[in-house]
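Engineer: Once you've had a glance at the structure underneath, I'll fire off some questions.
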Amino acid sequence: MRTASEHAIAIVKSTAPAIEKHGVDITTAMYKRLFQNAEVAAMFDKAAQESGEQPRRLAAAILAYAKNIDKLGNLGPAVQRMVARHVETGVKAEHYPFVAEALLPAIRDVLGADVATDEVLAAWGEAYWMLADILIAAEAQAYAEAAAA
């Protein structure tokens, strides 16, 4: 399982105020990029997208992660909810690169290259894959338990 470097963790934590201010804009831009893939778009609740609920929910989750990246235990219940929702909707390990490829450019699109520098995006990339590995492992376990039941 990947971990984020101390340097990346510090950068992610330092960007929490920008995420708090612009999170919904970032997630809205991310979903616009992500949904260019029709197969991925079909996995999402269209009503939750149109109402803005899903972008708001994801923005809140990203902010909580940015603030707690060095205290992941604080995120336990939120991670459990994400895992349950991902298993319910059929999210698999192979879907995570699509999100990374949409999220990181969306951060730069919204915050601008002067704030979302290559260093900042690299840190968020490390952070993303650290959380993705946690989710992928938990989801694999949930799928295995469901198959055994």
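Engineer: If you take the residues of segment 122-149 that are among the acidic types (Asp, Glu) and under 26 Å from GLU6 (Cβ atoms), which of them is surrounded by the fewest Cβ atoms within 10 Å (Cβ to Cβ)?
Structural biologist: Restricting attention to segment 122-149, the residues satisfying the condition of being among the acidic types (Asp, Glu) are 126, 133, 139, 145.
Cutting the leftovers down to under 26 Å from GLU6 (Cβ atoms) gives us 126, 133.
Numbers: GLU126: 20, ASP133: 15.
By that ranking, first place goes to ASP133.
Engineer: If you don't mind, another one. Within the group VAL110, VAL91, which residue is over 21 Å from THR3 (Cβ atoms), surrounded by 18 or more Cβ atoms within 10 Å (Cβ to Cβ), out of contact with any helix residue (DSSP H, G or I) (no Cβ under 6 Å at 6 or more places or on another chain) and not basic (Lys, Arg)?
Structural biologist: Working: VAL110 fails: out of contact with any helix residue (DSSP H, G or I) (no Cβ under 6 Å at 6 or more places or on another chain).
Result: VAL91 is the single residue among VAL110, VAL91 that is over 21 Å from THR3 (Cβ atoms), surrounded by 18 or more Cβ atoms within 10 Å (Cβ to Cβ), out of contact with any helix residue (DSSP H, G or I) (no Cβ under 6 Å at 6 or more places or on another chain) and not basic (Lys, Arg).
Engineer: Here's something else I'd like to know. Taking helices (runs of 4 or more DSSP H) that do not extend beyond segment 21-72, which have at least 1 residues that are of a type in the set (Ser, Thr, Tyr)?
Structural biologist: 53-68
Engineer: Here's a follow-up. Take ALA29 and tell me if it is at pLDDT 90 or above and touching a helix residue (DSSP H, G or I) at 6+ places or on another chain (Cβ under 6 Å). Break it down stepwise before answering.
Structural biologist: Working: at pLDDT 90 or above: yes; touching a helix residue (DSSP H, G or I) at 6+ places or on another chain (Cβ under 6 Å): yes.
Judged against the criteria, ALA29 is a match.
Engineer: Mind listing whichever residues of segment 1-40 are among the aliphatic types (A, V, I, L, M) and under 14 Å from ALA100 (Cα atoms)?
Structural biologist: First, pick out the residues of segment 1-40 that are among the aliphatic types (A, V, I, L, M): 1, 4, 8-12, 16, 18-19, 24, 26, 29-30, 34, 38, 40.
Once the filter is applied, which keeps residues that are among the aliphatic types (A, V, I, L, M) and under 14 Å from ALA100 (Cα atoms), segment 1-40 yields ILE26, ALA29, MET30, LEU34, VAL40.
Engineer: So, in segment 46-65, exactly how many residues are without any contact (Cβ under 8 Å) to a residue 12 or more places away in the chain and either more than 29 Å from ILE11 (Cα to Cα) or of a type in the set (Lys, Arg) (or both)?
Structural biologist: To start, the set of residues in segment 46-65 that are without any contact (Cβ under 8 Å) to a residue 12 or more places away in the chain comprises 46-48, 50-51, 53, 57.
Now drop any that are not either more than 29 Å from ILE11 (Cα to Cα) or of a type in the set (Lys, Arg) (or both), which leaves 46-48, 50-51, 57.
Residues flagged as without any contact (Cβ under 8 Å) to a residue 12 or more places away in the chain and either more than 29 Å from ILE11 (Cα to Cα) or of a type in the set (Lys, Arg) (or both) within segment 46-65 amount to 6.
Engineer: What are the pairs, 6+ residues apart or on separate chains, where a residue within segment 82-110 that is aromatic (Phe, Trp, Tyr) has its Cβ under 8 Å from a residue that is surrounded by fewer than 15 Cβ atoms within 10 Å (Cβ to Cβ)?
Structural biologist: Note: pairs meeting the criteria are PHE98/ASN37.
Engineer: So for segment 66-80 (the condition being more than 28 Å from GLU145 (Cβ to Cβ) and within 12 Å of the chain's Cα centre (by Cα)), does at least one residue qualify? Please lay out each step first, then the result.
Structural biologist: First, pick out the residues of segment 66-80 that are more than 28 Å from GLU145 (Cβ to Cβ): 66-67, 70.
If we keep only those that are within 12 Å of the chain's Cα centre (by Cα) too, we end up with 66.
There is at least one residue in segment 66-80 that is more than 28 Å from GLU145 (Cβ to Cβ) and within 12 Å of the chain's Cα centre (by Cα).
Engineer: How many residues does segment 25-42 contain that are closer than 18 Å to GLY90 by Cβ and surrounded by 15 or more Cβ atoms within 10 Å (Cβ to Cβ)? Steps first, answer last, please.
Structural biologist: Initial filter on segment 25-42 (closer than 18 Å to GLY90 by Cβ): 31, 34-35, 37-42.
Adding the requirement that they be surrounded by 15 or more Cβ atoms within 10 Å (Cβ to Cβ) leaves 31, 34-35, 40.
Looking only at that region, the number is 4.
Engineer: Now, a different point. Here are the criteria: (1) exposed (fewer than 12 other Cβ atoms within 10 Å of the Cβ); (2) farther than 23 Å from GLU6 by Cβ; (3) touching a residue at least 12 places away in the same chain (Cβ under 8 Å). Tell me which single one GLU119 does not satisfy.
Structural biologist: For GLU119, the failing item is (2).
Engineer: Can you tell me which residue in segment 6-61 is nearest to the chain's Cα centre (by Cα), limited to those that are closer than 21 Å to ALA113 by Cβ and of a type in the set (Val, Ile, Thr)?
Structural biologist: THR27
The values are calculated or read from the model by the stated rules, or taken from the named source; none is laboratory data. Since this is a predicted model, take the numbers as computed values, not measurements. Please note: Cβ atoms are built from the backbone with ideal geometry, for glycine as well, and neighbour counts cover all protein chains shown.
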